[in-house]
1. Which value, in Å to one decimal place, does the Kirkwood hydrodynamic radius take for the chain when every pair of different Cα atoms is included?
2. For each of 35, 64, count neighbouring Cβ atoms within 10 Å of the residue's Cβ, then give the residues from fewest to most.
3. Can you give the relative contact order of the chain as a percent, counting alpha carbon pairs under 8 Å and 6+ residues apart?
4. Could you compute Rg(Cα) / (2.2 N^0.38 Å) for the range 95-175, with N its residue count?
5. Only counting other Cβ atoms within 10 Å, I'd like 17, 168 sorted with the fewest neighbours first.
6. With label points built 7 Å along Cα→Cβ from the Cα atoms of residue 186 and residue 125, find their separation and express it in nm.
7. Based on the mean of other beta carbon atoms within 10 Å per residue, what is the order of 118-124, 44-50, 178-184, most packed first?
8. With n ≥ 4 as the cut-off for DSSP H runs, can you work out [θ] at 222 nm for the chain, using -39500 (n - 2.57) per run divided by the number of residues, rounded to the nearest 500?
């Protein structure tokens, strides 16, 4: 499905393939020979998405650019099934495996490999030709890699980066009830911009 959002329509090269049940929404540019497979969702809200040439976006991947910034994917990149990318930069020749997540403000440099269910966290600068092992977490700039069990060490770096503020515009965390109320109100307003979307091609 190809959707115009806030008067911005996707720009898809004629040589690209978009599966019938994939969704391309808003200010999205897709390059030559790129393939977007079944169930993938590429959604540009308040920032654009640019995907280069000869990329593979596999089944049910989510590629999203919202308030935290634009999203770009270079040439010759593979984004695996169920991967999740949000407002990040992916340079050329990057492999992102099944279920991996790349968070807001992060950069994955050329030739890197992010393996199954691994996470490149908020504002992390992942170096070129580096490999993030299965299920591990990359954090920070300069980047450090942690096993999933190392939550306390990860949080030491992450806490000051204030994920709720960058992603949802919530300056400080209050108790969970009030934070979630504010978060859902903020997201309701942001996602309400889709009420007037126009389906260009079902």
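1. Values: mean 1/r = 0.0580 Å⁻¹.
When all Cα pairs of the chain are included, the Kirkwood radius is 17.2 Å.
2. Numbers: 35 17, 64 20.
Going from least to most buried by this count: 35, 64.
3. Details: 584 pairs, mean separation 27.1, N = 202.
Once normalised by length, the contact order is 13 percent.
4. Working: Rg = 12.7 Å, N = 81, 2.2 N^0.38 = 11.7 Å.
For the range 95-175, the normalised Cα radius of gyration is 1.09.
5. Values: 17 12, 168 19.
The fewest-first ordering by Cβ neighbours comes to 17, 168.
6. Each label point lies 7 Å from its Cα, and together they span 2.6 nm.
7. Values: 118-124: 23.9, 44-50: 19.7, 178-184: 13.3.
Order by mean packing, descending: 118-124, 44-50, 178-184.
8. That calculation yields -4500 deg cm²/dmol at 222 nm.
Here, each number is a calculation from the coordinates, and none is a lab measurement. What you see is a predicted model, and the numbers here were worked out from it, not measured in a lab. Please note: Cβ atoms are built from the backbone with ideal geometry, for glycine as well, and neighbour counts cover all protein chains shown.
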